[in-house]
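*Asks:* Okay, here's the structure, questions in a sec.
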Amino acid sequence: MMKELKAYLGVALVIIGALLLIVGYMAGFTSSNLFLLGGFILILVGAVTHIKQLKKSEKY
């Protein structure tokens with residue numbers, strides 16, 4: 001079960017980062033860089049994690 005969840009960790013981080021940016025914008029936290037930086041880091045880490053997971057699962 002943990003292996004199945006690990007496969008979607010990167011995608012989940014990207015979605016959480018995007019939701020953080022959307023909620024921060026809707027709540028009016030546009031003057032604070034903390035939400036922007038947090039969302040950016042989550043999206044970046046999620047994308048890198050997803051790419052590594054895809055490369056690891058491919059068989060050449």
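The values are calculated or read from the model by the stated rules, or taken from the named source; none is laboratory data. Since the structure is predicted, the reported quantities are computational estimates derived from the model, not experimental observations. Cβ: placed from backbone, ideal geometry, glycine included. Neighbour counts: every protein chain shown. Please note that ligands, DNA and RNA were not included when accessible areas were found on the heavy atoms of the full protein model with its side chains. Shrake-Rupley method; radii C 1.70, N 1.55, O 1.52, S 1.80 Å.
*Asks:* Could you work out what % of the accessible surface of the chain is carbon and sulfur, using a 1.4 angstrom probe and leaving DNA, RNA and ligands out of the count?
*Replies:* Heavy-atom surface of the chain belonging to carbon and sulfur, 1.4 Å probe: 74 percent.
*Asks:* Here is a follow-up. So what is the 222 nm mean residue ellipticity for the chain from helices alone, if each DSSP H run of at least 4 adds -39500 (n - 2.57) and you divide by all residues, rounding to the nearest 500 deg cm²/dmol? Intermediate values should be presented prior to the final figure.
*Replies:* Details: 3 runs with 50 residues, N = 60.
The per-residue figure over the chain is -28000 deg cm²/dmol.
*Asks:* So what is Rg over Rh here for the chain, counting just Cα atoms and using Kirkwood for Rh?
*Replies:* Answer for the chain: 1.14.
*Asks:* For the stretch 17-51, which chymotrypsin sites (Phe, Trp or Tyr not before Pro) pass both filters: DSSP loop (anything but H, G, I, E, B) and at most 15 other C-beta atoms within 10 Å? Don't skip to the end; give the middle numbers.
*Replies:* On the way: sites: Tyr25, Phe29, Phe35, Phe40; in loops: Phe29.
Filter output for the stretch 17-51: Phe29.
*Asks:* Here is a follow-up. Hey, rough spin-label estimate for Val11 and Ser32, points 7 angstrom out along Cα→Cβ, what's it come to in nanometres?
*Replies:* Distance between label points: 3.1 nm.
*Asks:* To test your reading of the geometry: what angle, between 0 and 90 degrees and rounded to tens, separates the Cα axis of helix 33-57 from the longest principal axis of the chain?
*Replies:* 10
*Asks:* Per residue, how much accessible area does the chain have with a 1.4 Å probe, in Å²?
*Replies:* Numbers: 5130 Å² over 60 residues.
With the other protein chains kept in place, the chain gives 86 Å² per residue.
*Asks:* Note down the net charge around Lys6, summing +1 for each Lys or Arg and -1 for each Asp or Glu among other residues with Cβ under 12 Å from its Cβ.
*Replies:* +2
*Asks:* Give me the percent relative contact order of the chain, please, defined on Cα pairs under 8 angstrom at least 6 residues apart.
*Replies:* Value for the chain: 46 percent.
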